Every structure is written in C-alpha cells, then in structure tokens.
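First comes the structure, then the notes that go with it.
The values are calculated or read from the model by the stated rules, or taken from the named source; none is laboratory data. Computed from a predicted model, the values in this text were never measured in an experiment. Neighbour counts run over all protein chains shown; Cβ positions are idealised from the backbone, glycine included. To get the accessible areas, we keep the full protein, side chains included, count just its heavy atoms, and leave off ligands, DNA and RNA. Shrake-Rupley method; radii C 1.70, N 1.55, O 1.52, S 1.80 Å.
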Amino acid sequence: MYTQGLDQKSSQSAEIKVESAEDNARFQAHVDAEEKIEPKDWMPEAYRRTLVRQISQHAHSEIIGMQPEGNWLTRAPSLRRKSILLAKIQDEAGHGLYLYSAAETLGISREQMGDQLLAGTAKYSSIFNYPTLTWADIGAVGWLVDGAAIMNQIPLCRCSYGPYSRAMIRICKEESFHQRQGYEIMVELCRGSKEQKEMAQDALNRWWWPSLMMFGPSDKDSQHSAQSMAWKIKRFSNDELRQKFVDVTVPQAEFIGLKMPDDDLVYDEESGHYRYGEINWQEFTDVLAGNGQCNRERMRTRREAHQNGAWVREAAQAHAAKKVARAAA
Ligand code: BYC
C-alpha cells in the first residue's frame with residue numbers, strides 16, 4: 001500500500017549519497033522537531049536498518065502469533081466465541097500485512113523478509129513460543145499478550161517514521177478490541193465454576209512472566225534502546241513500558257479475584273507503582289535462541305503453510321501476467 005508512487009530514482013540516489021555530519025545533524029533536527037520522516041526523505045543508513053529490523057520482526061510476530069490462537073478455533077466453546085476468535089486472528093494477519101508494507105517502503109521486499117523468517121535468521125516475539133493448553137489461555141493471550149502489545153504499540157503511533165506510525169494507529173484500535181475480548185473470557189471464567197476459575201488462574205500463572213518478557217531485555221541490557229529513543233522510534237524504554245503494564249494489569253487481576261504468580265509483588269505507596277519480582281532472563285535467552293517450548297513447532301507450521309500456499313502465489317502471478325498481457329494487446 002505504501003510502495004505505490006515511490007520514486008525509484010530518488011530513493012536510489014538517496015542510497016548512494018555519502019552520509020555527512022551535516023546530513024545527520026539535519027536529519028536529527030527534523031526528528032527533534034517531531035516532523036515525520038517519509039520514504040523519500042534522506043535518512044541515515046543505520047536508521048533505515050533499525051526500522052527494517054524492528055518492523056519486520058513486528059510483522060513476523062503478528063503472523064506467527066496467529067498459531068497459538070488458531071489452535072483453539074475448532075474447539076471454541078460456542079459459535080459466538082468461535083466467530084470472535086476467527087475475526088481476531090484475521091486481524092493479526094492484516095496487521096502483518098500493513099507492517100510488511102510499511103517495511104517495504106524502506107527498500108526491502110516482502111519476499112526477502114519472508115525468506116529471512118523461514119530461514120530462521122529473523123526474530124519474532126518470544127511470547128509466541130509458549131503453548132495454549134486450555135481455553136483459558138485464549139483469554140490470557142488476549143488480556144495479557146494483546147494488553148502488553150497495546151502498551152508497547154500506542155507510543156509507536158508517534159514513531160518518527162511516517163509509514164510505521166500510520167500503520168500503528170489502526171493496529172492499536174484493533175488490539176484494544178482484542179484485549180477486551182481476552183479479559184471478557186477471563187471475567188466469564190472467574191464468574192463460573194470452581195474448575196473454570198482454576199483454569200483461569202492456571203493460564204495467568206503460565207502467561208504472566210512471558211508477557212513481561214515481551215517488552216524486551218531490561219534497560220541496562222537493551223542494546224538498541226538508546227539510539228532508537230534518540231531517533232524517536234521508541235518513545236519509552238523497555239522497563240518503563242513493562243512497569244506501566246504491571247501497574248495497569250495487577251488491579252485488573254484483583255478485580256476478577258485472580259492472584260498474580262509473584263510473591264514479591266507489592267504496591268509501593270511512595271512511587272505509586274507496583275514492585276515486581278525478578279524476571280527469569282535465562283528463560284528469555286533460551287526462547288530467543290530457539291529453545292522455547294514451541295519454537296520448532298511454530299517454524300515447522302509456518303514453513304508448511306508457505307509451501308502449501310505456493311499454488312496461490314503462482315495463480316496470482318499468472319493472473320497478473322494475463323492482465324498485463326491483455327492491457328498490452
Ligand atoms: N522477543 O535492544 P532491544 C502482537 C530482541 S505482536 C524476541 O531492547 P529493541 C500480537 C531484539 O529484537 C507483538 N526478541 O531491542 C500478535 C534485539 O535483537 P536483534 C510484537 C526480542 O528493538 C498476534 C534484542 O532482543 N511487538 O502483539 O530496541 C496475536 C535486544 O533488545 C524481544 C513488536 O514487535 C522479544 N520479546 O526493543 C497477539 C513491537 N525483545 O534485533 C498479539 C515492536 C527484544 O538485535 N518492537 N528482543 O537481533 C519493539 O517495540 C521493540 O523491537 C522491542 C525490542 C521492544 C520488542
């Protein structure tokens with residue numbers, strides 16, 4: 001969608017231009033003045049690379065993120081729940097597409113990004129390497145995973161790169177509906193039988209800590225944060241967003257009678273924030289290294305889906321070629 005109207009020539013000449021201190025200073029002044037950077041504008045190569053990395057990882061997360069929820073489509077407890085879940089998963093596919101399109105404005109093709117994902121050289125969010133074992137997990141994913149996503153993504157609507165910031169506006173509106181549908185599932189389960197409430201608590205126990213890891217390494221270990229914040233790609237640090245998420249989510253758990261699986265969690269009157277226990281960063285590192293519970297399964301499913309979709313891509317190309325030939329005749 002964003003690639004339409006891009007002027008190849010000017011973007012190529014921008015690429016070969018040598019980066020000078022003046023160029024960089026002018027660029028930073030634009031960013032500091034809260035002016036959006038658009039695809040045809042000059043930008044430092046490192047800014048372009050950072051955005052390609054982050055936006056493509058984000059797009060891959062949306063696409064891989066369809067799998068844990070897709071696992072429950074055939075077993076949703078009612079037709080209403082099934083149609084809501086189906087709509088949510090379709091939204092995630094749409095988010096992936098907006099994001100791939102936004103990344104394409106930076107000179108990488110969707111095919112290249114897809115190849116990187118399939119080759120295992122691109123990351124996607126750690127959270128999608130955990131299994132959805134019960135229906136309550138669908139509630140927990142919506143409430144916590146989409147809740148964490150909104151906390152991280154609302155500031156991205158003000159990101160300095162125009163196409164990314166605009167894509168995020170619609171994505172955040174949809175994520176907000178996703179978070180509410182997840183919380184509603186948890187509310188219903190907590191109002192239900194003893195077994196249903198236990199199922200909700202068990203899902204919270206398993207999803208809470210991985211949700212906190214979604215925000216990325218702690219600030220002292222986050223290698224990209226300082227530069228990304230200077231470029232106004234990120235507006236808040238990983239720890240700041242994680243804290244905001246904890247502060248918003250703990251009262252929501254209390255409201256429905258669930259207990260956070262953290263014995264060190266305490267409200268600090270003085271700062272007005274909840275203090276929480278130590279995150280298991282070894283687990284995070286292991287998941288990123290490909291050794292989470294579902295890494296292999298997620299990649300296998302994605303590769304199979306890509307192979308099984310080959311005929312669709314071929315048919316679309318054949319149709320496009322026919323259209324071009326007809327127009328030329
Ligand atoms: N998982 O220096 P840092 C969704 C990597 S989808 C995996 O702090 P940065 C949804 C990081 O990439 C939600 N990797 O990096 C979909 C970097 O590695 P590389 C996805 C992680 O970029 C379906 C290294 O660790 N959201 O909502 O400044 C259903 C050092 O980190 C993670 C986004 O993608 C992680 N959790 O900050 C339901 C949001 N955390 O690249 C819901 C956009 C860190 O050097 N992305 N790493 O190899 C961002 O906001 C930022 O990229 C991050 C990381 C906050 C995630």
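If I ask for residues that are more than 11 Å from the ligand (Cβ to nearest atom), under 13 Å from Leu99 (Cβ atoms) and surrounded by fewer than 24 Cβ atoms within 10 Å (Cβ to Cβ), which ones from the range 146-176 would you list?
Ser165, Arg166, Ile169, Arg170
Restricting the range 118-133 to residues that are among the small types (Gly, Ala, Ser) and touching a residue at least 60 places away in the same chain (Cβ under 8 Å), which is most open to solvent (accessible area, probe 1.4 Å)?
Here is the first cut: in the range 118-133, the residues among the small types (Gly, Ala, Ser) are 119-120, 122, 125-126.
Checking the rest, the ones that are also touching a residue at least 60 places away in the same chain (Cβ under 8 Å) come to 120, 122, 125-126.
Values: Gly120: 54, Ala122: 21, Ser125: 25, Ser126: 12 Å².
Ranking the candidates gives Gly120 first.
Collect the residues in the range 216-238 that are open to solvent by less than 70 Å² (accessible area, probe 1.4 Å), touching a Pro at 6+ places or on another chain (Cβ under 9 Å) and in a loop (DSSP other than H, G, I, E, B), keeping them in residue-number order.
Scanning the range 216-238 gives Trp231, Lys234, Arg235, Phe236.
Against the condition more than 19 Å from the chain's Cα centre (by Cα), assigned to a loop (DSSP other than H, G, I, E, B), touching a residue at least 60 places away in the same chain (Cβ under 8 Å) and surrounded by fewer than 18 Cβ atoms within 10 Å (Cβ to Cβ), how does Gly257 come out, does it pass?
On the way: more than 19 Å from the chain's Cα centre (by Cα): yes; assigned to a loop (DSSP other than H, G, I, E, B): yes; touching a residue at least 60 places away in the same chain (Cβ under 8 Å): yes; surrounded by fewer than 18 Cβ atoms within 10 Å (Cβ to Cβ): yes.
It is true that Gly257 is more than 19 Å from the chain's Cα centre (by Cα), assigned to a loop (DSSP other than H, G, I, E, B), touching a residue at least 60 places away in the same chain (Cβ under 8 Å) and surrounded by fewer than 18 Cβ atoms within 10 Å (Cβ to Cβ).
Kindly indicate whether Arg242 is under 20 Å from the mean Cα position of the chain (by Cα), not in a helix (DSSP H, G or I) and not polar (S, T, N, Q).
Details: under 20 Å from the mean Cα position of the chain (by Cα): yes; not in a helix (DSSP H, G or I): no; not polar (S, T, N, Q): yes.
When the stated conditions are applied, Arg242 does not pass them.
For the range 281-329, give me every one of the helices (runs of 4 or more DSSP H) that falls completely inside it and has 3 or more residues that are exposed (fewer than 10 other Cβ atoms within 10 Å of the Cβ).
On the way: elements: 281-286, 295-308, 310-328.
Fully inside the range 281-329 and qualifying: 310-328.
Determine, yes or no, whether His95 is in contact with an Asp or Glu (Cβ under 8 Å, 6 or more places away or on another chain) and in a helix (DSSP H, G or I).
Values: in contact with an Asp or Glu (Cβ under 8 Å, 6 or more places away or on another chain): yes; in a helix (DSSP H, G or I): yes.
The answer is yes for His95.
Can you pull out the residues in the range 134-145 that are open to solvent by 10 Å² or more (accessible area, probe 1.4 Å) and either in a helix (DSSP H, G or I) or touching a Leu at 6+ places or on another chain (Cβ under 7 Å) (or both)? Write out each step before concluding.
Taking the range 134-145 first, the residues open to solvent by 10 Å² or more (accessible area, probe 1.4 Å) are 134-135.
Listed by number, the list holds a single entry, Trp135.
Any chance you could count how many residues in the range 24-41 are open to solvent by less than 50 Å² (accessible area, probe 1.4 Å) and not in a helix (DSSP H, G or I)?
2
Which numbered condition trips up Trp207, out of (1) near the ligand (Cβ under 10 Å from one of its atoms); (2) part of a helix (DSSP H, G or I); (3) buried (at least 16 other Cβ atoms within 10 Å of the Cβ)?
Failing condition for Trp207: (1).
Across the range 54-88, what is the number of residues that are near the ligand (Cβ under 8 Å from one of its atoms) and surrounded by fewer than 18 Cβ atoms within 10 Å (Cβ to Cβ)?
Here the count works out to 0.
Quick check on my filter: what residues within the range 89-142 are of a type in the set (Asp, Glu), farther than 18 Å from Ala203 by Cβ and touching a helix residue (DSSP H, G or I) at 6+ places or on another chain (Cβ under 8 Å)?
Asp91, Glu92, Glu104
Would you tally the residues in the range 271-291 being under 19 Å from the mean Cα position of the chain (by Cα) and at positive phi?
As a first pass, look at the range 271-291 and keep what is under 19 Å from the mean Cα position of the chain (by Cα): 284-285, 287-290.
Of the ones still in play, those that are also at positive phi are 290.
Residues meeting the conditions: 1.
Looking only at the range 266-306, how many residues end up being among the aliphatic types (A, V, I, L, M), without any contact (Cβ under 8 Å) to a residue 12 or more places away in the chain and away from the ligand (no atom under 13 Å from the Cβ)? Please lay out each step first, then the result.
First pass over the range 266-306, keeping only residues among the aliphatic types (A, V, I, L, M): 266, 279, 287-289, 299, 305.
Narrowing further to those that are without any contact (Cβ under 8 Å) to a residue 12 or more places away in the chain: 266, 289, 305.
Next, only the ones that are away from the ligand (no atom under 13 Å from the Cβ) stay: 266, 305.
Final tally of qualifying residues: 2.
Take the residues in the range 89-117 that are away from the ligand (no atom under 12 Å from the Cβ) and polar (S, T, N, Q); name whichever of them is surrounded by the fewest Cβ atoms within 10 Å (Cβ to Cβ).
Ranking the candidates gives Ser109 first.
Take Ala59 and decide whether it is over 20 Å from Ser222 (Cβ atoms) and part of a helix (DSSP H, G or I).
yes
What is the one condition in (1) more than 11 Å from the ligand (Cβ to nearest atom); (2) more than 19 Å from the chain's Cα centre (by Cα) that Lys220 does not satisfy?
The number of the failed condition is (1).
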